[in-house]
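Note sheet for the following structure.
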Amino acid sequence: MMIKPLFFVLTLLPFTLLGKEQHARWLSNTFRIDPSIKEVTLFIERESSSVPVVLIKPDGSKLYYQRHPDNVSWASTSERDVITLWKPQPGPWQATGKIAGEHGITLLSVFHLQMDALPTRVFQNEVIQLNGQLAYKNTTLDANYYLDGLSLKALLYAEDNNADKDAFSLAPLELGTFKDDGTGADTLPGDGIMTAEIIFDALPGNYLFQAEISNGVLARYVQNKVLLYPQPVRARFTTPDSSRQWRLEFETDSDVLADSLTITGELINPLEQSVAISGQGRSIDLPPALQPGNYRWRGRAYVTTMDGREIQIKLKDQVVRVVPPLPGPDENHTLAATSFPLWQQWWLWASVALALMLTVAGVWWWRSRKGHQK
């Protein structure tokens with residue numbers, strides 16, 4: 001069941017008026033806030049392109065979009081005002097302006113953010129699908145109305161008390177954004193359940209996980225302390241052999257069952273050709289590395305932990321450079337022998353023959369001269 005906004009008011013107080021009088025007061029855009037209410041949010045629908053409403057307090061003073069005290073937060077669009085009052089003054093309030101008769105004013109007092117619980121052990125680069133919803137008691141609020149303009153984000157804060165740490169390292173890491181539009185990990189659009197695929201891409205250590213929903217006026221969050229364990233699966237490439245065959249090998253920690261390992265991914269060669277890679281076990285044969293250059297890999301590992309939980313790990317993206325094959329000894333000899341064909345080597349043989357002829361002539365001349373001297 002989801003709450004619809006058609007003239008709906010949560011039970012902020014026990015009305016003492018008759019039903020007809022209540023309806024009349026509601027149509028006059030007047031509502032009463034009970035003294036027990038500590039916080040209330042007003043959703044006020046206006047005619048298109050109209051100016052923000054003016055709120056009249058029980059004491060007759062007015063609140064404006066551009067001018068209001070610190071205990072009031074006010075967001076306004078061309079057709080809606082969303083106003084949150086903290087410790088509001090008890091009594092009858094009234095909204096004046098071009099309020100749309102179809103939807104009018106909706107009040108919410110006690111609402112909260114519900115979020116799926118995280119596992120007790122979370123691993124570095126683990127992929128977890130989480131659902132969140134804004135709810136009143138156990139009822140999901142209509143996403144098309146109450147969640148319009150809201151954003152739900154998952155943040156990770158490092159727990160570090162070192163004051164010398166630079167500000168950038170202490171800034172929260174955004175892990176994902178929840179959606180209710182039927183795309184990505186979300187199943188059904190507009191059902192009030194927002195879904196996100198969270199990847200815990202951070203170094204192992206202690207963190208504070210926070211899911212926060214806010215539009216500048218409404219703000220609710222859920223926090224959990226998280227100890228991030230080291231990534232239990234790692235991948236490495238072997239060097240292509242003489243026939244250009246190579247493999248993708250995996251190393252697993254004792255936290256997971258190695259026999260349960262399943263891999264899916266994509267390998268892109270230097271020609272930008274993509275090949276789907278999948279397999280089971282610690283070694284997967286890859287297509288031959290025929291093209292020298294950079295090969296890019298991205299993939300995920302699916303494995304079972306020792307306590308029986310099925311997890312998904314986003315493996316580190318890798319770029320592997322494959323060099324051309326080096327010539328072997330026989331290839332070197334063949335290359336040297338065939339570098340200059342015999343018919344192109346006449347000058348070499350002519351030089352050798354000329355050298356021999358000059359040597360023989362020199363020896364003959366020296367001996368002849370020696371014989372004449374005797």
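The values are calculated or read from the model by the stated rules, or taken from the named source; none is laboratory data. A quick note: this is a predicted structure, and the numbers were derived from the prediction, not measured. Note: ideal-geometry Cβ built from the backbone for every residue, glycine included; neighbour counts use all protein chains shown. Ligands, DNA and RNA are stripped out before the accessible areas are found, and what is left, the full protein with its side chains, is counted by its heavy atoms. Shrake-Rupley method; radii C 1.70, N 1.55, O 1.52, S 1.80 Å.
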- Among LYS179/LYS316; LYS62/LYS87; LYS153/LYS225; LYS225/LYS316, the pairs whose Cα-Cα distance exceeds 19 Å are LYS179/LYS316; LYS225/LYS316
- Task: With a point put 7 Å past each Cα toward its Cβ, work out how far SER274 is from HIS112 in nm, to one decimal.
- Result: 4.3 nm
- Separation of region 28-78 and region 256-301 by C-alpha centroid, Å? 58 Å
- Message: If I ignore ligands, DNA and RNA and count only protein heavy atoms, how much of LYS98 is accessible to a 1.4 Å probe, in Å² to the nearest 10?
- Response: 120 Å²
- Accessible surface, 1.4 Å probe, highest first, among residues SER76, SER242: SER242, SER76
- Query: Using 1/(1 + (r/R0)^6) with R0 = 41 angstrom and r between the beta carbons of MET306 and SER242, what's the FRET efficiency to the nearest 0.05?
  - Reply: 0.50
- Note on the structure: SASA check, ARG220, accessible area w/ 1.4 Å probe, all protein chains in place, rounded to nearest 10 Å², comes out at 50 Å²
- Rounded to the nearest whole Å², what accessible area per residue is found for region 174-254 with the 1.4 Å probe? 49 Å²
- Message: With a 1.4 Å probe and all protein chains kept in place, how much accessible area does PHE200 have, in Å² rounded to the nearest 10?
- Response: 0 Å²
- Sum of side-chain charges, GLU266 neighbourhood, beta-carbon under 15 Å (Lys, Arg +1; Asp, Glu -1): +3
- Note on the structure: For MET357, MET115, MET194, the accessible-area ranking with a 1.4 Å probe, largest leading, is MET357, MET115, MET194
- Two pseudo-spin positions, 7 Å from Cα along C-beta at THR262 and at TRP86, lie apart in nanometres by 4.9 nm
- Task: Determine the gain in length on full extension of the stretch GLU159-THR96; use 0.36 nm per residue of separation and subtract their C-alpha separation, reporting nm with one decimal.
- Result: 17.9 nm
- Note, TRP297: beta-carbon cut-off 15 Å, +1 each Lys/Arg, -1 each Asp/Glu, net +4
- Item | Heavy-atom accessible area ranking, 1.4 Å probe, most first, across ASP241, ASP81, ASP285 | ASP285, ASP241, ASP81
